Amino acid sequence: MSYFRKLEPGLSNMLELFSRDERWLICVNADPDAMASAMALKRIMIHRVADVGIARVNEVTRPDNLAMIRYLRIPMMKLTPAVTAQYDRFALVDSQPHHHPLFKEINFSIVFDHHPLSEEHHVVADFKDIRPEYGANSTLMTEYLYNLGIRPGNRLATALVYGIKTDTSSFEREFCDVDVRAFRYLSKLSSQTLLSRISRSEFHLSWLDYFSRAVSGMHKVRSGFYCYIGEVPNPDALVVIADFFMRVHEIRWVAVAGVSGDNLVVIFRGDGVTRDLGSFANQQFGAIGSAGGHKAMARAEIPLEKLAGKDLEMWVLKRLLSPRKKPKVMPPAAGGAEKAVSGGAAAESVPDAPVVDSKEQAPA
Ligand SMILES: [Mn+2]
């Protein structure tokens with residue numbers, strides 16, 4: 001039995017698309033899994049086509065992503081009409097055309113992805129392989145490399161390992177057997193030194209000032225903690241600080257607030273046990289902005305125009321301390337507000353609002 005599934009006849013259909021006369025562009029919404037997948041597809045194409053480039057639709061700001069680009073030497077361009085015009089054919093990895101307005105304008109010949117399929121947006125491509133059950137697109141690309149007899153080099157293997165690690169949160173999120181197999185196979189080929197250099201690159205120098213504000217401005221809020229950071233260039237900084245506090249043994253949940261662009265953003269992180277932060281965020285902030293998430297991670301975003309003249313730090317603190325709406329089925333005195341809600345019907349609900357950090361924001 002082979003280590004990975006056999007990909008014929010699909011693989012031959014894909015190889016038939018390649019010709020030495022055509023220039024290919026691989027498009028990504030850059031995160032570790034997408035960048036690793038692009039590197040893998042580039043490796044597959046490199047001797048089969050005239051030229052192959054990688055272009056991203058987003059700005060890369062997370063330190064670990066920047067470290068990955070630097071240490072694994074991933075050449076990427078920004079996707080613009082001028083860049084698109086230089087290429088004949090297009091491939092998309094770790095995404096589907098309807099996921100980004102810039103992708104929608106491109107006619108993709110190849111699509112590899114592991115995000116859920118949408119009923120209304122049918123993916124049209126000469127060749128596509130979309131496997132929502134896979135924890136990482138890097139796993140899928142590893143199967144293709146293996147079937148083609150391509151043994152990934154040190155940097156490519158490291159990228160794919162980091163892609164799998166990130167998208168599965170080191171196997172704390174959903175994954176399948178083949179993710180584990182790919183991870184084990186790649187681990188032997190990857191560099192532990194490069195991997196830890198990348199995953200240990202967690203903070204920007206400018207963020208250290210936010211840490212000092214966070215630590216000196218901590219408020220105790222019932223079973224958790226709250227701090228207000230002020231203006232930040234990107235909500236990522238708030239996520240990083242919230243994640244940092246969750247590494248402190250005594251902290252069961254934390255809310256970190258700050259202003260990013262035209263919004264007040266509140267990031268919630270918790271142990272997933274003490275309280276359901278998704279429903280908590282939704283109950284305290286849902287009426288005025290978008291708010292919700294999962295038990296252990298949630299987010300609220302409130303347009304600043306709705307908060308004109310308010311002291312934002314105190315406003316958030318008051319919302320966090322204000323009594324919670326009790327589910328109608330619960331008797332009014334059933335063991336306090338917090339207990340009533342965490343045992344209530346709302347506990348499992350995850351609202352549709354784009355409130356949970358997307359995969360590319362997830363820490364390694
Ligand atoms: Mn992915």
Listed with the fewest Cβ neighbours within 10 Å leading, 74, 251 appear as 251, 74
Per the Kirkwood formula over distinct C-alpha pairs, the hydrodynamic radius of segment 28-73 in angstrom is 11.3 Å
Taking placed amide H atoms and a strict 5 Å upper bound, the residues 5 or more places from residue 130 or on another chain that come that close are 113
Most exposed first, judged by fewest Cβ atoms within 10 angstrom, 8, 202 run 8, 202
To the nearest 10 degrees, the tilt of helix 312-321 (Cα long axis) against the first principal axis of the alpha carbons of the chain is 80 degrees
Cα convex hull volume per residue for segment 102-167, in Å³, equals 112 Å³
The base-10 log of I(q)/I(0) that the Debye equation returns for segment 1-157 at q = 0.19 Å⁻¹, one scatterer per C-alpha, is -1.30
In Å³ per residue, the alpha-carbon convex hull of the chain encloses 164 Å³
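We did not get these values from a lab; they are worked out from the coordinates using the rules stated. Bear in mind that the values here come from a model prediction, so they are computed numbers and not experimental data. Please note: Cβ atoms are built from the backbone with ideal geometry, for glycine as well, and neighbour counts cover all protein chains shown.
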